[in-house]
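The values are calculated or read from the model by the stated rules, or taken from the named source; none is laboratory data. Owing to the predicted nature of the structure, the values given are computational and were not obtained by experimental measurement. Neighbour counts are summed over all protein chains in view; Cβ atoms, including those assigned to glycine, are modelled from backbone coordinates with ideal geometry.
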Amino acid sequence: MHEAPSIDGNTKIMGMIGSPVTQVKTPQAINPIFAEAGANILCVPFHVDDLESAMAGFRAMHNLIGFGVTLPHKQQIASLCDSLDPAAEQVEAVNVVRRERDGSFRGYQFDGRGFVGGLMAQGHDPKGRSVLVIGAGGASAAIVTALIMAGASEVGISNRTTSRAEALAQQVRARIGGNVHACDPVPKPGQMIINATSLGMDEADALPLDPALLDESMLVAEVIAKPAITALLKQARQRGATIHGGQHMIEGQVPMIAAHFLALYGPDQIKA
């Protein structure tokens, strides 16, 4: 067990923004990594609704070194950054913003790599697999792109607003190719099914698809980490499907995000 560094005038803050933020797991996962590295950095959640006003405030906070981004801000924040790295630019969505050496805010994207890394770590290789992704937001864009780059044979995107699914599919095809298309939320035998929406964070939420369509040939995965077993995963497990919780995406990307901040703000880089 590593004790967190004492909070003092040299403490650097990494935020975690979203609306809501009660479900976020990044602070619990990343603070021990910062502590183990001997970095005086603390990650804390910020419940943000007005993104433009918050961004102005962040620019004025000189000990804020950046922030993670969760629903519903991953796409809007991209237009408020001073620059984007190629991965964020490719999917037009951001899940990490870092204050660079020149003071500018640059947007980065780790969701796709983190999700696929989490799948691989649990023995679920998407190469050659047909995948159904539900949702067409920022996390979905990153995950669809990463799945195609990992060799998925087909990715269908289902969204409540069909035009958004069609637009995302066209965007991915234009940028990296692959068999990507809009579809209904109807899984095929043997598919990976990924819920990339917020449905499931609240017990009252509707299910993102009809659970009667699930069977033991399928893998059902979530991006939601809290609750660890969503209503969809419970239904999938009852029908014999393999389940994959959202915590694996966090486990896949948090070490990358921590290293990203430590590269500029670790104990060997920063002068108090």
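Quick notes on this one:
Every residue, every condition in (1) under 14 Å from residue 244 (Cβ atoms); (2) modelled with pLDDT of 95 or more; (3) not polar (S, T, N, Q), yes or no:
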site: 106; (1), (2), (3): no, yes, yes
site: 120; (1), (2), (3): yes, yes, yes
site: 145; (1), (2), (3): no, yes, no
site: 154; (1), (2), (3): no, yes, yes
site: 194; (1), (2), (3): yes, yes, yes
site: 201; (1), (2), (3): no, no, yes
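- Index of the failed condition, residue 268 passing every other in (1) surrounded by 14 or more Cβ atoms within 10 Å (Cβ to Cβ); (2) at pLDDT below 95; (3) over 25 Å from residue 123 (Cα atoms); (4) not small (Gly, Ala, Ser): (1)
- Checking residue 160 against (1) in a loop (DSSP other than H, G, I, E, B); (2) in contact with a Pro (Cβ under 7 Å, 6 or more places away or on another chain), the condition it does not meet: (2)
Every residue, every condition in (1) without any contact (Cβ under 8 Å) to a residue 12 or more places away in the chain; (2) hydroxyl-bearing (Ser, Thr, Tyr); (3) in the same structural domain as residue 100 (by TED's automatic domain parsing); (4) more than 14 Å from residue 194 (Cα to Cα), yes or no:
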{"position": "207", "(1), (2), (3), (4)": "no, no, no, no"}
{"position": "217", "(1), (2), (3), (4)": "no, yes, no, yes"}
{"position": "220", "(1), (2), (3), (4)": "no, no, no, no"}
{"position": "227", "(1), (2), (3), (4)": "no, no, no, yes"}
{"position": "231", "(1), (2), (3), (4)": "no, no, no, no"}
{"position": "239", "(1), (2), (3), (4)": "no, no, no, yes"}
{"position": "245", "(1), (2), (3), (4)": "no, no, no, no"}
{"position": "254", "(1), (2), (3), (4)": "no, no, yes, yes"}
{"position": "261", "(1), (2), (3), (4)": "no, no, yes, yes"}
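- Note on region 117-133: residues that are of a type in the set (Val, Ile, Thr) and farther than 17 Å from residue 93 by Cα amount to 1.
- At least 2 residues being under 20 Å from the mean Cα position of the chain (by Cα) and aromatic (Phe, Trp, Tyr) is the threshold, and among the strands (runs of 3 or more DSSP E) wholly inside region 1-118 those reaching it are 105-108.
- Qualifying residue in region 81-89 (condition: on the phi > 0 side of the Ramachandran plot and in contact with a helix residue (DSSP H, G or I) (Cβ under 7 Å, 6 or more places away or on another chain)): no
- Only listed residue being surrounded by fewer than 16 Cβ atoms within 10 Å (Cβ to Cβ) and not basic (Lys, Arg), chosen from 258, 263, 182: 263
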